[in-house]
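Comments concern the structure below.
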Amino acid sequence: RPGTTLALIGRHSEAIPTYIGKDRQVTITGPVVDATAWLERAKVAVAPLTRGAGVCVKVVEAWRAGCAVVATSVGARGYEAGEGLIMIDAPSSFATTVLQLLLDAERRQRLARAGRRRFEQEYAWTAVRARMDRQIIGTLALEVMR
C-alpha cells in the first residue's frame, strides 16, 4: 500500500535483513523502554510471530495504547481472539486483514476501542486489584468456614 510506513519495534533488530532497513518507509527502533508512543501513533499493531516463548505483552500494550491488533496465534499466545484482537496464522490472510484494516477506518477504530475496553476490564491495575481482592476475600471466607 503506497504511503504506508512500518515501524519494527523491539529486540533482535540485527536479524532484520539489511534491504528492509534501507527502505525509507521502514523504521527499525531496536529495543525501546516504552513502546506506548509508537503504538499510539500506529493505525494497526501487528504481532506476526511464528515462534517464540515467554510472556506476550505486545497485545495488551497495543490495547492500552488504543490500537487495533492483528496477531498470529504465537504472537497472541495466552489471549483469546475476539474483543479487540484478530488472530490469523496464514500469511496471505494476515496481510489481507491488515490491509483491509488500513483501508477501513471505521472497522479499525471499532477494533481499537474494543481492545481498549478489554484492557480496562481485564488488565488495568484497577481490574487486577479487584480480581485479587475477590480472590483474597474468597480465600479468607474459606478459612473462616473451616
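The values are calculated or read from the model by the stated rules, or taken from the named source; none is laboratory data. The structure displayed is predicted, hence computed values, not measured ones. Cβ coordinates were reconstructed from backbone atoms using ideal geometry, including for glycine residues, and neighbour counts include every protein chain displayed. The area values use the complete protein model at the heavy-atom level, side chains included, leaving out ligands, DNA and RNA. Shrake-Rupley method; radii C 1.70, N 1.55, O 1.52, S 1.80 Å.
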Practice prompt. Tell me which residues, restricted to the stretch 12-36, are exposed (fewer than 10 other Cβ atoms within 10 Å of the Cβ) and within 21 Å of V57 (Cβ to Cβ).
Written response: H12, A15, V33, D34
Worksheet item: Can V46 be described as open to solvent by 60 Å² or more (accessible area, probe 1.4 Å) and either assigned to a loop (DSSP other than H, G, I, E, B) or β-branched (V, I, T) (or both)?
Response: yes
Worksheet entry | Pair list, Cβ < 7 Å and 6+ apart or interchain, from the stretch 60-74 residues that are in contact (Cβ under 8 Å) with a residue 40 or more places away in the chain and under 21 Å from Q121 (Cα atoms) to residues that are assigned to a loop (DSSP other than H, G, I, E, B) and open to solvent by less than 30 Å² (accessible area, probe 1.4 Å) | W63/G84; V69/G84
Worksheet item: Out of curiosity, is G66 part of a loop (DSSP other than H, G, I, E, B), open to solvent by less than 30 Å² (accessible area, probe 1.4 Å) and closer than 19 Å to A7 by Cβ?
Response: no
